[in-house]
Amino acid sequence: MSATDVRRNDASGTPSRNIDLKLEVVVIPVADVDRAKEFYGRLGWRLDRTPPGIVQFTPPGSGCSVQFGPTLTAAAPGSGKAYLIVADIEAARSAMLAAGVEVSEIFHPGPGGPASGPDPERRSYYSRAEFSDPDGNTWLLQEITARLPGRVESDAPSFASGNDLAAALRRAAAAHGEHEKRTGQTDPNWPDWYAAYLVSEQTGAEPPR
């Protein structure tokens, strides 16, 4: 198969959307492989089997892994930066502090720059915290509970863990309670309403009312 077979273009000249390109690994630059290995293991990330000279960890619930090693990249140690998506920024920060990792206070974008504390309206994408590995590579924790429209193409929701599903169900229950207050009656079809709400959070579709 040739490269042109793989990168078949549509009329706009861009790669066809029916070619799946799944991000698998991101390489991070470290100076001390053993030190980095201890740090990411302490975070509870899964150590994967790899060829000699490559260390690979996968964060819980992630489809993408990180790799580091003595000859993987010429980038300066500590120059990496990436995002870690969490369903509950406060719980994620507490878990990392308990593991002995220094994490910044939670902050959110404000009119004059970063403001202290979670977003007052707890809007998706807004509440954040940062931590670094021993080399200075920066990880930004970002709380996302509802995706922007078009960010997720599938209408089948998926959850990285039981905790994420439980948090989504609690949000659905709270929203459904408001729905019943507006209608003034008990909704016997609440399972359908919950399902529609969970799908809307992940795809950015209009939530049920």
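The values are calculated or read from the model by the stated rules, or taken from the named source; none is laboratory data. This structure is a prediction, so every number in the text was calculated from the model and none was measured. Glycine gets a Cβ as well: all are built from the backbone with ideal geometry, and neighbour counts include every protein chain shown.
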- request: Answer yes or no as to whether residue 108 is crowded, with 18+ Cβ neighbours inside 10 Å and not acidic (Asp, Glu).
  value: yes
field: Some residue of the range 101-124 being under 21 Å from residue 34 (Cα atoms), out of contact with any Leu (no Cβ under 9 Å at 6 or more places or on another chain) and in the same structural domain as residue 33 (by TED's automatic domain parsing)
entry: yes
- line: Filtering the range 45-58 down to residues that are modelled with pLDDT under 95 and not charged (D, E, K, R) yields 50, 51, 52, 53
message: I'm trying to understand the selection: among the residues of the range 30-74, which are of a type in the set (A, V, I, L, M, F, W, C), surrounded by fewer than 17 Cβ atoms within 10 Å (Cβ to Cβ) and under 29 Å from residue 106 (Cβ atoms)?
response: 47, 64
task: Out of the residues in the range 28-66 that are outside any loop (DSSP other than H, G, I, E, B) and touching a residue at least 40 places away in the same chain (Cβ under 8 Å), state the one that is farthest from residue 158 (Cα to Cα).
output: 35
query: Would you call residue 197 assigned to a helix (DSSP H, G or I), surrounded by 17 or more Cβ atoms within 10 Å (Cβ to Cβ) and either in the same structural domain as residue 31 (by TED's automatic domain parsing) or of a type in the set (Ser, Thr, Tyr) (or both)?
result: yes
- prompt: Looking only at the range 114-124, which residues are under 16 Å from residue 85 (Cα atoms) and at pLDDT below 95?
  reply: 122, 123, 124
field: Filter result (among the basic types (Lys, Arg), exposed (fewer than 14 other Cβ atoms within 10 Å of the Cβ) and modelled with pLDDT under 85) within the range 136-178
entry: 151
task: Return the total of residues in the range 1-15 being loosely packed, with under 10 Cβ neighbours inside 10 Å and either modelled with pLDDT of 85 or more or not in a helix (DSSP H, G or I) (or both).
output: 6
query: Can you find a residue in the range 75-87 that is touching a residue at least 60 places away in the same chain (Cβ under 8 Å), closer than 29 Å to residue 166 by Cα and outside the structural domain of residue 167 (by TED's automatic domain parsing)?
result: yes
- request: Kindly establish whether residue 85 is closer than 25 Å to residue 24 by Cβ, of a type in the set (A, V, I, L, M) and surrounded by 14 or more Cβ atoms within 10 Å (Cβ to Cβ).
  value: yes
